[in-house]
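One structure is given below, encoded as structure tokens.
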């Protein structure tokens, strides 16, 4: 026998939320279909793959994978409201084929706004602000407005041109070319490329015991790494008690990213363990994430917040449970443009 709750208000609000989500998804489907003359197939992914609400593939015998889209709607008046959406960090699924759509829905006019946000989930994971949830966990926070310039402005696209945008991405080897599709300005920094380069540079310098070059600053140690149009420089000073330094990344000779750090001096064995940890965890440590590494009596921990665009944190080493090392860091983008 089917059971019903006595709280009629709960049923109504739940139904309204589901009904609104269905309406928004229908509007997004209409936008994708518009202007592509049946060249795209839109469907519901099986078992909610990647947490997506819609999947899109190109009609015909093509080898590229589907694109998945998670639809996040905000019901309200666009001129007055800021779109806020929180995601639990531990449960957030980031994938190169998953994109997040954030859209205003006018429940009076029953239409979505002309401008929507289309954000690759991998980039959202990197640039989203982080905060603590009431239960002590961590959340990734989306907070933006179409009327203000912020970290998400470059992802604003026209809802009416969504179908053509996706079709062009499929024709470009199944990936979005943000420069070509106007998702980001031609002069803006590619965050994924910047992050990949930073991780590679760190693995090939301090963490790899690279040989220092002739330092430009008196009594400093200087490490450098270059690949393509990116150039990395790490300069630090070692005193009897403290070490202080700075990392800088240049793109086409222009400084675009940097990080400052300061910590206490440690012995040779702890330094070797630190370098092993930094090499192993290059994609996560000193970037605002939370990570750790253990080896015998040594334990490395990094507690950070933020993403590659703006972040801070502290790393520590424990020997037999005793804290012997702390280093505080803070960094992010220096410029919005390359």
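Residues are listed down the side, and each one gets a yes or a no for (1) part of a strand (DSSP E or B); (2) modelled with pLDDT under 95; (3) in contact with a helix residue (DSSP H, G or I) (Cβ under 7 Å, 6 or more places away or on another chain); (4) outside the structural domain of residue 304 (by TED's automatic domain parsing):
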| site | (1), (2), (3), (4) |
| --- | --- |
| 211 | no, yes, no, no |
| 231 | yes, yes, no, no |
| 244 | yes, no, no, no |
| 248 | yes, no, no, no |
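Annotation: of all residues in region 267-294 being touching a helix residue (DSSP H, G or I) at 6+ places or on another chain (Cβ under 7 Å) and in contact (Cβ under 8 Å) with a residue 40 or more places away in the chain, the one that is farthest from residue 126 (Cα to Cα) is 275. Can you confirm whether region 78-85 contains a residue that is out of contact with any strand residue (DSSP E or B) (no Cβ under 7 Å at 6 or more places or on another chain) and surrounded by 13 or more Cβ atoms within 10 Å (Cβ to Cβ)? No, there is no match, as no residue in region 78-85 is out of contact with any strand residue (DSSP E or B) (no Cβ under 7 Å at 6 or more places or on another chain) and surrounded by 13 or more Cβ atoms within 10 Å (Cβ to Cβ).
Scanning region 324-338 for residues that are surrounded by 16 or more Cβ atoms within 10 Å (Cβ to Cβ) and assigned to a strand (DSSP E or B) returns 325, 327, 329, 330, 331, 332, 333.
I need a count of the residues in region 105-131 that are outside any strand (DSSP E or B) and within 30 Å of residue 288 (Cα to Cα). Outline the logic, then answer.
First, the residues of region 105-131 that are outside any strand (DSSP E or B): 107-110, 113-114, 121-128.
From what is left, the residues that are within 30 Å of residue 288 (Cα to Cα) are 121-128.
Within region 105-131, residues that are outside any strand (DSSP E or B) and within 30 Å of residue 288 (Cα to Cα) number 8.
Residues that are assigned to a strand (DSSP E or B) and touching a strand residue (DSSP E or B) at 6+ places or on another chain (Cβ under 9 Å) were ranked within region 269-295; the one that is farthest from residue 140 (Cα to Cα) is 294. Contact annotation: no residue pair with Cβ atoms under 9 Å, 6 or more positions apart or on different chains, pairs a residue in region 139-167 that is outside the structural domain of residue 118 (by TED's automatic domain parsing) and assigned to a helix (DSSP H, G or I) with a partner that is at pLDDT 85 or above and buried (at least 18 other Cβ atoms within 10 Å of the Cβ). Take the conditions out of contact with any helix residue (DSSP H, G or I) (no Cβ under 9 Å at 6 or more places or on another chain), free of Cβ contacts under 8 Å to residues at least 12 places away in the same chain and either farther than 26 Å from residue 145 by Cβ or surrounded by 15 or more Cβ atoms within 10 Å (Cβ to Cβ) (or both) and apply them to residue 25. Does it pass? In short, no. Any residue at all in region 160-183 that's modelled with pLDDT of 85 or more and closer than 17 Å to residue 309 by Cβ? No, that holds for no residue. Any residue that is assigned to a loop (DSSP other than H, G, I, E, B), under 23 Å from the mean Cα position of the chain (by Cα) and either on the phi < 0 side of the Ramachandran plot or in contact (Cβ under 8 Å) with a residue 60 or more places away in the chain (or both) - is there at least one of those in region 309-323? Yes, region 309-323 contains a residue that is assigned to a loop (DSSP other than H, G, I, E, B), under 23 Å from the mean Cα position of the chain (by Cα) and either on the phi < 0 side of the Ramachandran plot or in contact (Cβ under 8 Å) with a residue 60 or more places away in the chain (or both). Being over 22 Å from residue 242 (Cα atoms) and crowded, with 16+ Cβ neighbours inside 10 Å is a property that holds for residue 308.
Quick check, is residue 90 more than 17 Å from residue 155 (Cα to Cα), touching a residue at least 24 places away in the same chain (Cβ under 8 Å) and touching a strand residue (DSSP E or B) at 6+ places or on another chain (Cβ under 6 Å)? Write out each step before concluding.
Working: more than 17 Å from residue 155 (Cα to Cα): yes; touching a residue at least 24 places away in the same chain (Cβ under 8 Å): yes; touching a strand residue (DSSP E or B) at 6+ places or on another chain (Cβ under 6 Å): no.
The answer is no for residue 90.
The values are calculated or read from the model by the stated rules, or taken from the named source; none is laboratory data. Given the structure is predicted, the values throughout are model-derived calculations rather than measurements. With ideal geometry, Cβ positions are generated from the backbone for all residues, glycine too; neighbour counts draw on all protein chains shown.
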